[in-house]
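Student: This is the structure I want to talk about, given as structure tokens.
The values are calculated or read from the model by the stated rules, or taken from the named source; none is laboratory data. Just so it is clear, the structure is predicted and the values come from calculations on it, not from any experiment. Every residue, glycine as well, gets a Cβ built from its backbone with ideal geometry; the counts of neighbours run over all protein chains shown.
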Protein chains: 2
Amino acid sequence: MKSFNEITQLVTSELEQISWSKEPRGLYEPIGYVLSLGGKRIRPALALMACNLYSEDVQPAIQPALGLEIFHNFTLLHDDIMDKADVRRGQQTVHKKWDDNTAILSGDVMQIASYQFIAKTPIKHLKPVLDLFSQTAAEICEGQQYDVDFEQRDVVKGEEYLEMIRLKTAVLLGCALKTGAWIGGAGEEDAQNLYDFGINIGLAFQLKDDLLDVYGDEATFGKKIGGDILCNKKTYLLIHALELATGNDAEELQKWLKINDPLQENDKIKSVTSLYNKLGVKAICEDKMQFFYSKAIANLEKVSVLENNKQELRNLAEKLMSRQD
Amino acid sequence: MKSFNEITQLVTSELEQISWSKEPRGLYEPIGYVLSLGGKRIRPALALMACNLYSEDVQPAIQPALGLEIFHNFTLLHDDIMDKADVRRGQQTVHKKWDDNTAILSGDVMQIASYQFIAKTPIKHLKPVLDLFSQTAAEICEGQQYDVDFEQRDVVKGEEYLEMIRLKTAVLLGCALKTGAWIGGAGEEDAQNLYDFGINIGLAFQLKDDLLDVYGDEATFGKKIGGDILCNKKTYLLIHALELATGNDAEELQKWLKINDPLQENDKIKSVTSLYNKLGVKAICEDKMQFFYSKAIANLEKVSVLENNKQELRNLAEKLMSRQD
């Protein structure tokens, strides 16, 4: 069994070996750039860890695992155009460093590249891996569309939000685990339990993100606290605050949602956070995160490999929940 | 053997049976819209015709053939954003009817959908079909990038232009023919000859497009004559005019390239066309088109099926060369 660190090192080294110095440079250079910005590499790591549960040799899963990481970065590239985001991981986004057209076209070829890596799945597993990947990729687009739609709506329900983040974030973790498990030789029941483990970890992971954005420590979080509050992002916290606030609280919350004045940014963050605390939505979000985390651990328990061999996945899940960045 | 008309009817009816009425509507509706705008459906037709050379039953090639058409329309959708084109086939483009973000995201899921149809290739042929499709898709993006790059450059060589249109247009015709041939059961040599036939027809097809834009009849062409001239598009005609013009002709051509005045549009089209005629670039373009057309026919001759069975492909090639729209 490889440790998480060994797996991550393997992924990083394999990613670095891919050459994007191809012609036309204007098309391929942004791909190398966006992949060089870093990231946790969780998706390929999950694929290789799941494979490693069933096979000492993770080699056959490496290329499809890289495909998942390339696809994930492609979605960030196109999302950043749509969100008009100028910064990603402390660096300029592609559409900012180059332009929108470059970001559209490089993203398109990046999606094709992700399929080229997925297609390197051993032929025996190619068809199910390819179908799951396409289904997952489409679901991620659906999640992004719901995310956009929700920003236009006045009321979004908690359940709708959870379905949106399941599509936008969780399914790719499930897909990574199932893909790795299949390639390693897992049976269908184990592969499905690992998929469900990924879904629940993904949901808990995104709720943790919502919490960190408000309650994180700026120094360790690596980005400005309160970003979601400033842009009125309908996170799990805001959705519940809107649901629970009555009387003066409701009025105050609505007042702040209408304020978009750079000079009042700190006040807005402070006041909305106070309302969140008063309304108890931090605890609601933490409870829901804990709920999905427990479900994930239950999914993992049902996987029929030696308990000891699951320790790295359990550690990773625990680490993602207690993370400060 | 099915006639071209029978094949086209089959493609149209199969395309119409795909339902895009899925949630979220904002994501899938534009796909149904763009596919409903029509088009010649040449790519899926070529795939089925190539399949039909080797097999009476074209059923196994239908889903991948639809994947090629969906992919082609996806490229138009994203190209129209990049070109800021408001009209396609007489109707509003997706980014105009909806907005840029919708066009980006619907395009992304459309590309995924094309892979989902390609993945329905009979398992025996899946791996080579998938790899050829991905390679072709990447080449089309490369062609689009060169097209964009060339617009920024002062000098583009004829050979560079031909390589650009090979990537942007011809490879998908070659891919369609080879895919259909493989699925029908063709040997590698025939599949390659059909691929080359597609490349050469594609090159001739694009040169015909360049000619029609200047010398077509507005009523039958279906769009305004001279559009390429007005936007200084570096077509095969302009590239050669720039190469051949000397003295006063060169000065006049440069003068018109700098003029971008709506009131002088008709004068610009008339004058540049006169220069093309004087410099003989119409004949150069026609000769080159004929050159590729002859190469295509030679490729088709090498295909080892009954001569009689090639007649529909030969007719189609001839029709594409003599078309007025």
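Student: B:Lys157 - would you say it is touching a helix residue (DSSP H, G or I) at 6+ places or on another chain (Cβ under 9 Å), surrounded by 22 or more Cβ atoms within 10 Å (Cβ to Cβ), in contact (Cβ under 8 Å) with a residue 60 or more places away in the chain and more than 10 Å from every other protein chain (Cβ to nearest Cβ)?
Tutor: Taking the combined requirement at face value, the residue does not satisfy it.
Student: Considering only residues that are part of a helix (DSSP H, G or I), more than 7 Å from every other protein chain (Cβ to nearest Cβ) and over 16 Å from B:Ser114 (Cβ atoms), which ones fall in segment A:99-109?
Tutor: Within segment A:99-109, A:Asp100, A:Thr102, A:Ala103, A:Ser106 meet the criteria.
Student: Name the residue, out of A:Asp210, A:Asp267, A:Asp217, that is out of contact with any His (no Cβ under 7 Å at 6 or more places or on another chain) and either of a type in the set (Ser, Thr, Tyr) or surrounded by 15 or more Cβ atoms within 10 Å (Cβ to Cβ) (or both).
Tutor: None of the other options fit; the residue is A:Asp210.
Student: Does A:Lys168 qualify as being over 17 Å from the mean Cα position of the chain (by Cα), within 14 Å of chain B (Cβ to nearest Cβ) and either modelled with pLDDT under 95 or within 26 Å of A:His78 (Cα to Cα) (or both)?
Tutor: When the stated conditions are applied, A:Lys168 does not pass them.
Student: Considering each residue of segment B:17-42, count those that are within 14 Å of chain A (Cβ to nearest Cβ), without any contact (Cβ under 8 Å) to a residue 40 or more places away in the chain and in contact with a Phe, Trp or Tyr (Cβ under 6 Å, 6 or more places away or on another chain), and give that number.
Tutor: Residues flagged as within 14 Å of chain A (Cβ to nearest Cβ), without any contact (Cβ under 8 Å) to a residue 40 or more places away in the chain and in contact with a Phe, Trp or Tyr (Cβ under 6 Å, 6 or more places away or on another chain) within segment B:17-42 amount to 3.
Student: Give the residues of segment B:49-90 that are out of contact with any Gly (no Cβ under 9 Å at 6 or more places or on another chain), in a helix (DSSP H, G or I) and without any contact (Cβ under 8 Å) to a residue 60 or more places away in the chain, sorted by residue number.
Tutor: Within segment B:49-90, B:Gln59, B:Ile62, B:Gln63, B:Leu66, B:Ile70, B:Asp80 qualify.
Rundown of residues vs (1) over 21 Å from the mean Cα position of the chain (by Cα); (2) under 22 Å from A:Lys40 (Cα atoms); (3) in contact (Cβ under 8 Å) with a residue 12 or more places away in the chain, yes/no style:
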residue: A:Leu132; (1), (2), (3): no, no, yes
residue: A:Gln152; (1), (2), (3): yes, no, no
residue: A:Leu162; (1), (2), (3): no, no, yes
residue: A:Ile199; (1), (2), (3): no, yes, yes
residue: A:Gln206; (1), (2), (3): no, yes, yes
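Student: Something else about it: Mind checking whether some residue in segment B:126-136 is farther than 18 Å from A:Tyr115 by Cα and in a helix (DSSP H, G or I)?
Tutor: Within segment B:126-136, not a single residue is farther than 18 Å from A:Tyr115 by Cα and in a helix (DSSP H, G or I).
Student: Check B:Val87, B:Val94 and return the single one that is among the β-branched types (Val, Ile, Thr) and away from chain A (no Cβ under 14 Å).
Tutor: Every option except B:Val87 fails the conditions.
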